[in-house]
Amino acid sequence: MNHEQDDNLDAKFDWELMKRLLAFIRPYRRTVAWSVLFMLLAVLMNLAFPAVTMVAIDDYLARLYQVYHAESAESASALAAKFREAGRPAVELNERTLAIRAGDQKKLKAGDAAALNRDPALDKGKYYLFPAAECPAGAGAAVGATDGKTENGRISGGGTENGRISGNETGSGKTEALLSPSHVVGDYWLVTEEELRRLPVKTLFHIRGSDWRGVLWLSLLALGIAALNLLADYWQAVLLSRAGQSAMTDLRAKLFAHLHSLSLDYFSRHPMGRLVTRVTNDVGALNDLLTTVLVQFLKDILLLLGSLGVLFWLNPKLALLVTATAPLFVLATLFFKVKLRDVYRQSRKYLSSLNAHLAEDIAGFKIIQVFRQAERRRREYGAVNDGYYRSVLREVIWFGFFRPTVEIICAAGAAMVLVYGGLMTLTGVMTIGVFVACITYVNRMFAPLAAMCDKYTIMQSAMAAAERLQCVLDEKPTVTDPAASAAAPLAEPVRGEVEFDDVHFAYLPGQPVLKGITFRVPPGKSVAIVGPTGAGKSSIISLLCRFYDPEAGTVRIDGRDLRGVPFDSLRRHIAIVLQDSFIFSRSVHDNIAMAGAYDAGRVRRAAEMVQAAEFIGGLKDGFATEMEERGATLSSGQKQLLCFARALAHDPKILVLDEATSNIDPATEQKIQQAIGELMRNRTCVVVAHRLSTIRKADEILVLDGGGIAERGTHDELLARRGAYYNLYMLSSLS
Amino acid sequence: MNNPSGNPPPGGGRFENVRAIAELVWRYKWRFMLGLLFLLVVDGLQLFVPKIIQHEVDALADGSALLATVWRAGLLLLGLQALVSVLRFGWRYYISGTGMKVERDLRAELYRHLQTLSLEYYNHTKVGTVMSYATNDVPAVRMATGMALLGVVDAAFMIVFCTVIMFCINWELACWTLLPVSLLAVLMVVFGRRMHRQFMKVQEQFSKLSDRAQESFSAVRVVKAYGNEAAELAHFDACSRRLARENLRQAKLDALFNPLIAFLTSCSVVILIVAGGRMVVGGGITVGEFVSMSFYLGLLIWPMLAVGWVVNLVQRGTASMERLRAVFATKPGITDGPLAQVADTAVEARGLSFAYPGTEKPVLRGVSFRLRAGGTLGIVGSTGAGKTTLVELMMRLYDPPKGTLFIGGRDVTELKLETIHERIGYVPQESFLFAMSVAENIAFGNASLTADEIEAAAKKAHIHPDILGFRDGYGTRVGERGITLSGGQKQRVAIARALAGNHPLLIFDDCLSAVDTETETSILRELRGEIRGRTAILISHRISTVRDADLILVLEDGRVAEAGTHEELLLNNGYYTKLYRMQKLEGREEGKMVDDRR
């Protein structure tokens, strides 16, 4: 149940804390590493995918050339040499004419590129280029039919008209639909897109066969990339989740074991529900940190850097320009972070009191009904509910400011690309494909930025939970097991002598519960402790079982100070029966045997000796019957008997019994009295007694009052003394 | 976090759950519609983004682009996005904000309904379960209203528009390209069902783990005493591993679902490259058209993923709605009767038999008695004999059959609850105090009590000296953030609370069990004075408490085994006599010396 919240809502990112939690992930680092590897693959594929479309456009669908018709063969070959140097050789159509791939200019040295751009010899139009040798039959026929014109169309060093190389017109109706090359230069044809579209489809596919095949190959590549992306995404998530879940299981076990190693004072200081929350909900923080904070962040950052990297590769200047928006971004995030944290904290507080209120209402349902306070409680709950609504609404509003701010910054980046990239494309420095890709990558760059903003809340609550976990793990048991320091166990055979030597004890400093208790129980003897509420009876038991350590004085068994006896040895020889008969939701056998690996015979004998075997036999599966939570199907008498059997099966040297006060019908009462007699036989017994029968059987009675021993002696001695015991006795005998 | 078991399924299946969520949305239709209007405008404006880009690309491609074209595109984009951002605030406020309103109102409604349910319901429902209705299910339903609505409308709009535009560019190519997208519906159906099932499984396992931990920590003394830590850990760990396994299964479904949607859109791109490339080569479309086609396709990716997200939200929302509907379908156990007045507080039972709803075994069988107004009734009997049930029926925490139980001569089922409750001062068996100050706890039934009246009640209950010893006296807070009272102190505060109202009918249910003998004796002395002139019902295991009563009932297995005064019953030589002898002989009172260190 997550209805308890804590106050440490102000969690910040704490690297030390992270490292501590991440230690739980270390055993699964290989899995995480694989997951990250898959993630890298996914990122790579994600980045590569848009590039496919870019290549499809630039290399196949719009493989465009510009024509450079030089004044002299020298200047043409000089330019050709420059392109060769740049690694982008131009196609030499004839000695004075070059076909330059659109965008190749930008590979030239900056001065050369600018000069070329200004050079009137460069045709601004863009053409498809086909080798005449590969001229398809259909087109060839078409060309053949207009042979003469083709001859005329051949660029014969003629002039350029309107910045365009004058081409022949395809006038005759017969060839109108056919390829009529604007220019046939050398062994190549230059065709504008518009002209190209006039050709019959069949012809087009013939002459652009290699383009079409390229596109097909690219689509296969794209499909492969998409499939790889799918696989990588899947395995990344599954592996990460596997590591996360395993680490969480370990952490849960560690926390659980740690909590059980803590002393009882810890449990009395912390509400049960909160402890449960630690091992159930808060542990989720580890998974959140791993999957959301670490890996997703890493992925976002990689995507961001990857996109930026591609941008730099495509066009460094443009990338630099886009990066300029980053400081704005950081500023906005910092500003809103503070605001958002405040409202977030406030709504968590409201939520926590909403939960507390409801929990209380359920527990106090009866009282609220009978005292006619339903209306008032509803009003109060409504007020908190409204408060929560208002504070969450504030969250929405601040977030509503935050996100648009981020979006406008992103838009500014995109606008810059449109303008600057557009300008560069305009001047031919950038191809259309690259321009398109730039826009795509800029968008891809901003997406992870926004995603990182969204993860802030998750990170925050994960850190808060991690802090709570840390608090638990840092808690040290106040009662420590000396087994670690190789203390010797109790010497066998254990006699079972119990001794309290001037024992002082307080649960809270300054509020002493026991003030100098001294008594000795010889082996095999019994002592009954009686006294009014709050006299410290149960505390004596708790000290004897070493749930707590005394403030001063010593508790000894067989002359050994308990603080020097390993837990293990101590517990083997002491059995305790508590007031509250706790039944676990396990089998009857497990409930009796507990940690001891006792066989069925021993368990049955124990049950028989306390007369529990009879009702156990009546259960559905006898000793194998699974109990309900807290033994819900058993009567309180049956529960007590079962607990007696548990103690008896243990066969302890020392029995500690805190008699239950719950009221039981006379028949069961008799059974219980007999069972207690059975339990106490031949054992050293320390009993907080409520039954006269038990008290009378004791070898010594201690009358406790106000943390000290007021009287001690046997029943008859104490009655004869007419002191505190006599008063207690007389009070109760209904006179 | 708890499984929905324990409540009858409300029936109607998943469709009904979706309808219930739709009804919630409908209740806030105007605000949601306003939000959606903002959303649609935003979406509409966003569609111009590719247009701007396409325009520029085309201009660049055909060489008609000028410097101004480029600048215009950039500024347009910036202006458009700025406008979009401002409008987005509008939908965030109206959709997310209204979602919060849904959550608030649903929670208040749930609370109101929970208050009307009978005690019966709470006996069968774990606190954790009820808590999780308010903490987990209500927010889950909220997400399925506001956010899911947003997701659906946004996605639908984008999908429809992009589709339409793509069809306008080239219907044939659009057909081919959008083919994989249509598989999304199949994906949703297949995954939706499995995700729902898996989600329920995870929840169930989670609540089991909570129960495990709760049990183990409650038993910490026993565990320590028997050195059972290792076994506890093994039990817990087994459960924890089962949870991890279910979680992993859920993660696997999630890990497949979203990437599959992304893959479908990628497939669309592949088809675009093939089919679109063919058309470009074949002259069917221009390069510019191809580019803008790919842009619109890119715009589709987000809505597609959003559809997946919505499916998830709706899965969770319907699962939660199912649980909430089960609660809402639980009928209020107890309803007001028409009568607001009774003559006095005489109590009478006529052949009262009662079994808890949904059970066979009667808890009370033919109980009859008459208690005059101002008289005292003592009830004794072993555990489970029906003592508490009897008084709870008088207070109508449960409904007795008609014509069997009367207060002031009126059938309790015909009385207003208010009428009954304002006459009763009640001390329950387990004293429950609220996390308020001690004074507020005592004045719980009547907030207008003066400090003097509160103190007087505390004195009568012998808790006044204890309270003065607390840090802030009467202002000391009780509970987790304040002090922890001992069992005896709690009981006495509860007694003070019951006495504070001057009610004509007092019901004390075994209310001194945690008080030591001396204190008990003096409280009893005080109470005898208090109950003079009032009708009183005392449940106890102790003869000393009931011996002065005008009428003592001995309940045995739901029947009145014996009835009469103390003296009469002693002559009977039955249970009462036995109890008397036992307590006299054994000095039973020591049995009440419960250590209460807290």
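Computed from the coordinates by the stated procedures, all read-outs in this text should not be read as laboratory data. Only a predicted model underlies this, so the values are computations on that prediction, with no experimental measurement involved. Note that each Cβ is placed from the backbone with ideal geometry, even for glycine, and that neighbours are counted across all protein chains shown.
Some notes on this structure:
- Rounded if a/c under 1.5, otherwise prolate or oblate - chain A, Cα gyration tensor axes: prolate
- Axis of helix A:432-454 versus longest Cα principal axis of chain A: the two differ by about 10°, to the nearest ten degrees.
- Nearest-ten-degree value, helix B:48-61 long axis tilted from longest Cα axis of chain B: 20 degrees
- Using alpha-carbon coordinates, inclination of helix B:148-169 to the longest axis of chain B, degrees: 10 degrees
- Around the Cα centre of the protein assembly as shown, unit charges on the Cβ atoms of Lys, Arg, Asp and Glu (plus for the first two, minus for the last two) sum to a dipole of about 380 debye.
- Across peptide B:98-109, the mean count of Cβ atoms from other chains lying within 10 Å of each residue's own Cβ comes to 4.
- 28 Å Cα-Cα threshold exceeded, pairs from B:K416/B:K490; A:K455/B:K101; A:K317/A:K337; A:K476/A:K515: B:K416/B:K490; A:K317/A:K337
- Beta bridges assigned by DSSP with both partners in chain A are antiparallel in approximately 70 percent of cases.
- When Rg and the Kirkwood Rh are both derived from Cα coordinates, the Rg/Rh ratio for the protein assembly as shown amounts to 1.13.
- For the range B:13-329: rounded, prolate or oblate by the Cα gyration tensor [a/c cutoff 1.5]: prolate
- Taking every alpha-carbon pair within chain B, the share separated by more than 49 Å comes to 37 percent.
- With the highest mean first, a sort of the peptides B:304-310, B:271-277, A:671-677 on other beta-carbon atoms found within 10 angstrom per residue produces B:271-277, B:304-310, A:671-677.
- In Å, descending, principal axis extents of the Cα set of the range A:289-374: 78, 26, 14
- Other protein chain C-beta atoms within 10 Å of residue C-beta, averaged over A:570-579: 3.
- Loop-resident sites, the range A:597-671, for GluC sites (Glu not before Pro), counting at most 14 other Cβ within 10 Å (DSSP): A:E628
- Sparse packing (at most 16 other Cβ atoms within 10 Å of the Cβ) combined with a DSSP loop state is found for the following chymotrypsin sites (Phe, Trp or Tyr not before Pro) in the range A:10-62: A:F13.
- Peptide B:84-94 has a mean of 4 when you count, residue by residue, the C-beta atoms of other protein chains within 10 Å of its C-beta.
- The aspartates and glutamates within cross-link reach of A:K202, meaning a Cα-to-Cα straight distance under 18 Å and a gap of 8 or more places when in the same chain, are A:E134, A:E176, A:E193, A:E194, A:D211.
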